[in-house]
Amino acid sequence: MVQTSNLMKIARECFEKQEYKKAQVALTEIVETDAKNIDALFMLANIFHIHGDIGKAIKAFKRVLSINPEHTDAAISLSVLYNDIGQYEEAKKVFETANERVKGKKSGTGQLEDKHINKKFSLKHFELAEMYMSYNRFDEALFEYNKVIALDNENLEAKIKVAKVYAKKGFISKAIEELRQLRNEEPNYSPAKIALGIIYYGNGNILEAQTEWEKVLLKDPFNADAKMYLNLSKTATETHV
């Protein structure tokens, strides 16, 4: 019989090559001999999720958590799955439990923040924010987007979303302020200038809008969005004249 360590090596190699069926065979063999092998169970759960076997994926993630309740990645994955199938209360419960465990670890042991875990949580908050936005629940969306930024300051898209929420709420000056700050902090991040141009344009500041889109095209002449908005604004101006 092939040793567990060798089987795990085979499984990982197959997983990385996206040869999921081969990986599943190796992982199943491991779990049959060692039912509490967390690494194998977690990888199996991910394969089930990839294949759309939601029931099996949920069962496997729950199995991982029954063995190790502090397995944050499994908790977040399980929360995402519950959210995907509309079991929002279950999703929230699992997510909040995992979140509390991470907070408890930080305060109890003084460990440095784990960027990997923070990014995982930030993605979950982003998902919640997007859901709130789809129902026009702007205050909750803003709260969640700000949580994303607090956990992952490199998520520039979330910063644009914050500005868009302010615009939706009618706080145009605040939206412009947020986007100007982002543009100045990240001069090479074109979406900030494009979004700023859209808000300017929507408020009748045509020249300011065109200036932002032209700045994008100076650095990136093939930027499709900047080209489109600039052409549309010029066509609209000519039509009005």
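The values are calculated or read from the model by the stated rules, or taken from the named source; none is laboratory data. Computed from a predicted structure; not experimentally measured. Positions of Cβ are backbone-derived with ideal geometry, glycine not excepted, and every protein chain shown enters the neighbour counts.
Things to note:
- The listed residues are GLU177, GLU214, and the only one of them that is modelled with pLDDT of 95 or more, within 28 Å of ASP139 (Cβ to Cβ) and surrounded by fewer than 21 Cβ atoms within 10 Å (Cβ to Cβ) turns out to be GLU177.
- Failed item in (1) under 26 Å from GLU130 (Cα atoms); (2) over 20 Å from the mean Cα position of the chain (by Cα); (3) touching a residue at least 24 places away in the same chain (Cβ under 8 Å), with LYS161 passing the rest: (2)
- Of all residues in the range 182-190, at least one satisfies being surrounded by fewer than 20 Cβ atoms within 10 Å (Cβ to Cβ), of a type in the set (Ser, Thr, Tyr), in contact (Cβ under 8 Å) with a residue 12 or more places away in the chain and under 28 Å from PHE138 (Cα atoms).
- Condition met for ARG101 (among the basic types (Lys, Arg) and in contact with a Pro (Cβ under 8 Å, 6 or more places away or on another chain)): yes
- Residue in the range 153-162 that is modelled with pLDDT under 90, loosely packed, with under 15 Cβ neighbours inside 10 Å and farther than 21 Å from ILE58 by Cβ present: no
- Of the residues making up the range 217-241, those that are surrounded by fewer than 19 Cβ atoms within 10 Å (Cβ to Cβ) and closer than 18 Å to ALA163 by Cβ number 1.
- Residues of the range 122-141 that are surrounded by 20 or more Cβ atoms within 10 Å (Cβ to Cβ) and either farther than 19 Å from LEU81 by Cβ or not hydroxyl-bearing (Ser, Thr, Tyr) (or both): LYS124, HIS125, PHE126, LEU128, ALA129, ALA141.
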